[in-house]
Every structure is written in C-alpha cells, then in structure tokens.
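The values are calculated or read from the model by the stated rules, or taken from the named source; none is laboratory data. What you are looking at is a predicted structure, and each value in this text was computed from that prediction instead of being measured. Note that each Cβ is placed from the backbone with ideal geometry, even for glycine, and that neighbours are counted across all protein chains shown.
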Amino acid sequence: MVGYCPICGKPVYFGEKKRSLGRDYHPLCLKCQICNRQLTAGQHAEYDEKPYCSYCYLRTFGPRSGYAGNRGLLSTSKKASGSK
C-alpha cells in the first residue's frame, strides 16, 4: 500500500519512506517547517500536523512564546513602568 507524504502530498513508496509519528515522509520532506533542518524520524515535534525541530517548536509554541496573542512571533516590545 502506498502512503502519501503529508508535506508534499505525493506518493511515498516503500524504498524511500521515512516513517515518523505515524506518517510516511519523503526523506527530503521531513524537515523543520521554520529552519528547514533535516529531522530524524521520531526525534521531532509536531504542531498542526507539521514537523518542527525541538528548538523551533519550543521557541514558537513554548510557554513563553505568547503564541495565542501574536500568532507565533515572540514579543519584542517592553512596557516601561513609571516612565513619562
């Protein structure tokens, strides 16, 4: 049975597949969606069915990222307290 790559949507044949987290990928498609680093099968995180390296995943979706408020971008503004 031929599976389909969740990244490119093309068929993944037995001889070329990388199976990770229950999905079959082409070797070149299994890469971080932010930094494009090649990922090892089973050694990465997923969000919204897309693979991310651990570093980018924590930086983007971690507890201090503020993902819900600013769509995955880290906040760079600082509030000055008590200044006029």
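Condition test on Cys8, is it surrounded by 17 or more Cβ atoms within 10 Å (Cβ to Cβ) and in a loop (DSSP other than H, G, I, E, B)? Against the criterion (surrounded by 17 or more Cβ atoms within 10 Å (Cβ to Cβ) and in a loop (DSSP other than H, G, I, E, B)), Cys8 does not qualify. Take region 1-17 and flag every residue that is touching a residue at least 12 places away in the same chain (Cβ under 8 Å) and either closer than 25 Å to Phe61 by Cα or hydroxyl-bearing (Ser, Thr, Tyr) (or both). If the condition is that a residue be touching a residue at least 12 places away in the same chain (Cβ under 8 Å) and either closer than 25 Å to Phe61 by Cα or hydroxyl-bearing (Ser, Thr, Tyr) (or both), then Tyr4, Cys5, Pro6, Ile7, Cys8 are the ones that fit. Of all the criteria given as (1) closer than 27 Å to Gly62 by Cβ; (2) assigned to a strand (DSSP E or B), the one not satisfied by Cys29 is (2). Taking the criterion of being in contact with a strand residue (DSSP E or B) (Cβ under 9 Å, 6 or more places away or on another chain) and small (Gly, Ala, Ser), the residues of region 26-64 that qualify are Ala41, Gly42, Ala45, Ser54. One residue alone among Tyr67, Tyr57, Tyr52 is over 21 Å from Met1 (Cα atoms), surrounded by 15 or more Cβ atoms within 10 Å (Cβ to Cβ) and modelled with pLDDT under 90, and that residue is Tyr67.
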